[in-house]
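**Q** Please read through the structure below; I'll follow up with questions.
The values are calculated or read from the model by the stated rules, or taken from the named source; none is laboratory data. These figures come from a predicted structure and were not determined experimentally. For neighbour counting, all protein chains shown are included, and Cβ atoms are generated from backbone atoms with ideal geometry for every residue, glycine included. Ligands, DNA and RNA are stripped out before the accessible areas are found, and what is left, the full protein with its side chains, is counted by its heavy atoms. Shrake-Rupley method; radii C 1.70, N 1.55, O 1.52, S 1.80 Å.
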Amino acid sequence: MEKTDFRKALGDLYGPSDKDFSIVVVPAMQFVMCDGQGDPNKSADYQGGLNWLFTISYKLKFASRDHLQHDYVVPPLEALWWADDMRDFVEGRKEKWRWTQMIMVPDWIGKEMFAEAVKVAGKKLGAPPPSLRLEPFDEGLSVQIMHIGPYGAEAPTIKRLHEEFLPRHGLAENGLHHEIYLSDPRRTAPDKLKTVIRQPVKRM
């Protein structure tokens with residue numbers, strides 16, 4: 001049976017250098033998504049969203065394997081981050097942060113399979129979050145880099161991206177701050193965590 005590992009198949013998107021920024025074109029993909037607001041370290045909605053995303057993602061994987069004979073490795077957790085006043089995001093006032101949690105789902109998975117997975121998961125998890133959905137997402141032209149280390153140490157890299165790399169290359173922000181979490185923080189030392197930092201951009 002064919003088994004797809006998207007981290008390997010899309011290596012330029014999931015495995016950038018940790019030394020230099022790279023410019024990539026991200027194709028349209030579909031994701032299971034869930035929105036929320038507040039400090040992710042304290043928010044029950046954040047943890048609840050994660051439970052739903054991972055539960056749904058694995059149910060879809062097994063449904064694909066059992067009914068479509070097409071197995072795949074569940075892709076890593078991703079998130080979009082912002083705030084109504086972006087100074088709150090930049091300056092770390094996490095209680096005012098907003099997020100969209102997301103896990104990529106192969107394009108051969110349809111709405112009916114998603115609805116069935118939600119129905120089955122609901123028997124264990126209860127009512128799904130109102131924002132839980134399967135939705136296409138198209139970033140296009142983007143700049144990214146691999147951050148190795150604690151999440152709280154990303155700020156200098158993000159600052160360098162926005163204040164140095166983008167202006168130098170005639171680029172401007174064209175979407176939300178995007179992170180892809182390649183490591184399990186429960187099993188990985190903070191200084192070894194791998195996170196892709198991505199920023200959609202447009203040419204000036």
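**Q** With the structure loaded, tell me whether GLY92 is assigned to a loop (DSSP other than H, G, I, E, B) and within 17 Å of ALA28 (Cα to Cα) or whether it fails that test.
**A** no
**Q** Got a number for residues in the range 20-47 being of a type in the set (Gly, Ala, Ser) and either farther than 19 Å from SER131 by Cβ or crowded, with 18+ Cβ neighbours inside 10 Å (or both)?
**A** Of the residues in that region, 3 qualify.
**Q** Being open to solvent by less than 60 Å² (accessible area, probe 1.4 Å), more than 27 Å from ASP39 (Cβ to Cβ) and assigned to a strand (DSSP E or B) is the requirement here; does LEU141 meet it?
**A** So LEU141 passes the test.
**Q** Moving on. Of all residues in the range 191-204, which are without any contact (Cβ under 8 Å) to a residue 60 or more places away in the chain and either of a type in the set (Asp, Glu) or open to solvent by less than 80 Å² (accessible area, probe 1.4 Å) (or both)?
**A** Those that are without any contact (Cβ under 8 Å) to a residue 60 or more places away in the chain and either of a type in the set (Asp, Glu) or open to solvent by less than 80 Å² (accessible area, probe 1.4 Å) (or both): ASP191, LEU193, THR195, ILE197, GLN199.
**Q** Here is a list of conditions, (1) at pLDDT 95 or above; (2) under 14 Å from the mean Cα position of the chain (by Cα); (3) open to solvent by 50 Å² or more (accessible area, probe 1.4 Å); (4) not hydrophobic (A, V, I, L, M, F, W, C), and GLU179 meets all of them except one; can you say which number that is?
**A** It is condition (3) that GLU179 fails.
Condition check ((1) of a type in the set (S, T, N, Q); (2) touching an Asp or Glu at 6+ places or on another chain (Cβ under 8 Å); (3) assigned to a loop (DSSP other than H, G, I, E, B)) across all residues:
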| position | (1), (2), (3) |
| --- | --- |
| GLY122 | no, no, no |
| ALA127 | no, no, yes |
| LYS159 | no, no, no |
| GLU164 | no, no, no |
| GLU179 | no, yes, no |
